[in-house]
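Here the structure comes first, spelled out in structure tokens, and everything after it is commentary.
No lab work stands behind these numbers, since they all come straight from the coordinates. Keep in mind that this is a model prediction, so the values were computed, not measured. Cβ placement follows ideal geometry from the backbone for every residue including glycine, while neighbour counts extend to all protein chains displayed.
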Amino acid sequence: MQTILIAGAGKSSYYLIHYLLTQAQRQKWKVIVADGNIDAIKEKTKNHPSAEVAAFDITNNTEREILVRRADIVISLMPPHLHILLAKDCLKHKKHFITSSYVPEDIRAMQKEVKDAGLMFMCEMGLDPGIDHMSASQIIHGVQRVASVITSFKSYCGGLIAPENDDNPWHYKFTWNPKNVVTAGMDGAKYLQNSKEIEVPYEELFSNNKKIKADGMGSLAYYPNRDSLSYLQQYNVPEARTFMRATLRHPSFCKGWDAIIKLGLTDQNDSLNTTGLTYAGWLQSKNNIPANTNLQHAISKILDMPADDKVMGMLEWLDLFEDKQLPKGKFSSADLLLQLLLQKWEMNPFEKDMVVMQHEVEYTHKDRKNILTSSMVVIGENKEHSAMAKTVGLPMGILAKLVLTKRIKPPTGVHIPNMPSVFRPLLTELKHHGISFNEVVE
């Protein structure tokens, strides 16, 4: 009997687990779901006959290795810094490894050993990164096949709240790991524009963001995502003068988040004793505002905007001007902000999220300039059956199925899914699950 180990039963795991358990009945597989939270596993597996529940401590070598040894493929949904533990076990016990996370340097360094062992370590196999790589690669291969030259490539993706549940001035609710939202962009970003390498520091990332027209969504703002330059070679677009991967948000969100950064509320390195401290006091102390000062007036001056600006209303909606007691203890500002936003941006059980992805490719063919726009919009069913969980989880599950059923030969080494043998069958099956792209050429 073939066995799949899923390590992690968090937010993004529902569709992955459900898909593999459905396949397991047909294929006679065993699906082991392991997590530190036994209730989370039981909630996702629901006593399915092909499922095995395993409560484990991933840092416990014995517990972890016992599970890895039993598996044919290991899928990790653990926090990125823990992937290496499973990856080393997979190498030791000759198991394939899949994750949706960015390729960490410690796993990238295993390239030769993984290849020599004849194993597939497929990283970035989720939404963004993941579906973006596969759909972009399909477009690039198609354009280049007809002897066209790609001069500009831009890719945008965002997890947002569905329009019918967009009911706060930030036009945002948590559809993904909340901590990642708070720390997004802290390393700045790099991209290529008109043959010039552009580097944007964190402090400027959300300032004066440009907009795109998203398919049926109106205007959305974007900010460059991490280091786009590192993907230039992998995407194989040597003639591109512009190359950028970016994150989509509502324009108001970017303006508001720029203010949050300027006010120091995302600081991870300070340490505050919050005993007797209020939200207003926190804002006041972070910005050296004297006591008995009109706080809103002082903040508007720091941000160089009118006191009745929309952004000021967004900060007020977060209760940042209120004399409400902060959670007691020692925290960084980033920790306090996260705790506040967990209350304010939490989705209700029956609310829907939305994933928007768009590629814009400029190319020349027979001396004529063309612009291809490829767009995908996926709406979730509710908080648990979310568009984010669907688009992150299904690519990993489909890849595992294709490998175990020998429909594809797993590429050996440490990879991202940009090879035709992987992205063609993956994108074909994703269409059957309502994850597809509309293309327009102008």
- Can you pull the one-decimal nm distance between simple spin-label points at Ser436 and His93, each 7 Å off the Cα toward Cβ? 4.0 nm
- Dipole magnitude of the chain about its Cα centre, charges +1 at Lys/Arg Cβ and -1 at Asp/Glu Cβ only, in debye to the nearest 20? 1680 debye
- Task: State to the nearest 20 debye the size of the charge dipole of the range 271-331 about its Cα centre, where the only charges are +1 on K and R beta carbons and -1 on D and E beta carbons.
- Result: 340 debye
- Note on the structure: Taking only the alpha-carbon positions of the range 313-413 as identical scatterers, the Debye log10 I(q)/I(0) at q = 0.20, 0.23 Å⁻¹ comes out as -1.06, -1.14
- Query: When only C-alpha pairs under 8 Å and at least 6 residues apart count, what is the relative contact order of the chain, in percent?
  - Reply: 21 percent
- 27 Å Cα cut-off, lysine pairs counted over the range 271-331 (separation 8 or more, or different chains): 8
- Message: Can you list residues from other chains, or at least 5 along the same chain, whose modelled amide H is less than 5 Å from the amide H of Thr3?
- Response: Lys30, Asp72, Ile73
- Item | Distance from the range 144-180 to the range 254-287 (C-alpha centre basis), Å | 27 Å
- Query: So what is the 222 nm mean residue ellipticity for the chain from helices alone, if each DSSP H run of at least 4 adds -39500 (n - 2.57) and you divide by all residues, rounding to the nearest 500 deg cm²/dmol?
  - Reply: -10500 deg cm²/dmol
- To the nearest 20 debye, the range 142-248 has a Cα-centred charge dipole, built from +1 on Lys and Arg Cβ and -1 on Asp and Glu Cβ, of 300 debye
- Message: Tell me which of Thr274, Trp317, Pro306 sits at the most positive position along the dipole axis of the range 271-331, charges placed on C-beta atoms (Lys, Arg +1; Asp, Glu -1).
- Response: Thr274
- Task: Give the residue from Asn236, Trp257, Ala147 lying farthest towards the positive end of the charge dipole for the chain; charges sit on Cβ (+1 for Lys and Arg, -1 for Asp and Glu) and the dipole is referred to the Cα centre.
- Result: Ala147
- Message: Please list, by residue number, everything in the range 346-377 whose backbone N is under 13 Å from a paramagnetic label point 7 Å out along Cα→Cβ of Asp167.
- Response: 346-352
- For the range 120-207, the percent of all C-alpha pairs falling in each 5 Å bin, from 0 up to the bin holding the max distance, is 3, 10, 13, 17, 21, 17, 11, 7, 3, 0
- Task: Among the listed pairs Lys11/Lys179; Lys154/Lys406; Lys154/Lys431; Lys88/Lys383; Lys11/Lys210, give every one whose C-alpha distance is greater than 24 Å.
- Result: Lys154/Lys406; Lys88/Lys383; Lys11/Lys210
- Rg/Rg_ref, the range 271-331, where Rg_ref = 2.2 N^0.38 Å and atoms are Cα: 1.13
- Scoring the range 87-142 by relative contact order with C-alpha pairs under 8 Å, at least six apart, yields a percentage of 39 percent
- Task: Starting from the eigenvalues of the Cα gyration tensor, five times each then square-rooted, give me the equivalent ellipsoid semi-axes of the chain, largest first, whole Å.
- Result: 37, 29, 20
- According to the Cα gyration tensor, what semi-axes, each the square root of 5 times an eigenvalue, does the equivalent ellipsoid of the range 1-138 have, listed from largest to smallest in whole Å? 23, 18, 15
- Item | Stretch gain in nm, segment Asp270-Gln144, where the contour uses 0.36 nm per residue and the Cα spacing is subtracted | 40.3 nm
- In the chain the DSSP beta bridges are antiparallel at a rate, in percent to nearest 5, of 60 percent
- Expressed as a whole number of Å, what is the distance separating the alpha-carbon centroids of the range 409-427 and the range 318-379? 28 Å
- Item | Span from the the range 96-128 Cα centroid across to the the range 21-78 one, whole angstrom | 20 Å
- Note on the structure: Residue separation between Arg241 and Lys286 times 0.36 nm, minus their alpha-carbon distance, gives in nm 12.0 nm
- Query: Stretch Asn194-Ala117 to full length: gain in nm at 0.36 nm per residue minus the Cα-Cα span?
  - Reply: 23.5 nm
